[in-house]
Amino acid sequence: MGHLFKLEKRVEDYLQFLAQKGFSLGEDAIGFISFGQHYTAATDDLVNVAIEITLKAQKEFDGSFFISFLEMLKENKVTSRKEAYQFAENKNLI
């Protein structure tokens, strides 16, 4: 999977973009994403990169992994795509 992340894209737009690329997420996944974003108060950009890294690390969408990863990003004050990838690599997630 190449770089699917596009800067400043709303989560809804990013999910539509993923669906166009063949990564259609079900209602349960969308529920996890919505919950995770509200629970962590994460920006759309941070949620989008967390979705992308979740898909890369798990080869599918795993809601509990996504929420845990998003919480870790917030707790560690990660704000950019580059920092998120560095964090994931440091934690041996990808």
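The values are calculated or read from the model by the stated rules, or taken from the named source; none is laboratory data. Nothing here was measured: the structure is a model prediction, and the numbers come from that model. Ideal geometry is used to build each Cβ from the backbone, glycine not excepted, and the neighbour counts take in all protein chains shown.
General remarks:
- Candidate set: the stretch 51-67, residues that are of a type outside the set (Val, Ile, Thr) and touching a Ser or Thr at 6+ places or on another chain (Cβ under 9 Å); chosen: the one nearest to Thr79 (Cα to Cα): Phe66
- Residues (of a type in the set (D, E, K, R) and closer than 18 Å to Phe87 by Cα) located in the stretch 45-72: Asp45, Glu52, Lys56, Glu71
- Close pairs (8 angstrom Cβ cut-off, 6 or more residues apart or separate chains): touching a residue at least 60 places away in the same chain (Cβ under 8 Å) and surrounded by 14 or more Cβ atoms within 10 Å (Cβ to Cβ) in the stretch 68-94, part of a helix (DSSP H, G or I) and not β-branched (Val, Ile, Thr) anywhere: Arg81/Asp45
- Of all residues in the stretch 16-64, those that are without any contact (Cβ under 8 Å) to a residue 24 or more places away in the chain and in contact with an Asp or Glu (Cβ under 8 Å, 6 or more places away or on another chain) total 1.
- Here the stretch 1-11 is the region considered, the condition is being of a type in the set (A, V, I, L, M) and surrounded by 12 or more Cβ atoms within 10 Å (Cβ to Cβ), and the residue that is modelled with the lowest pLDDT is Leu4.
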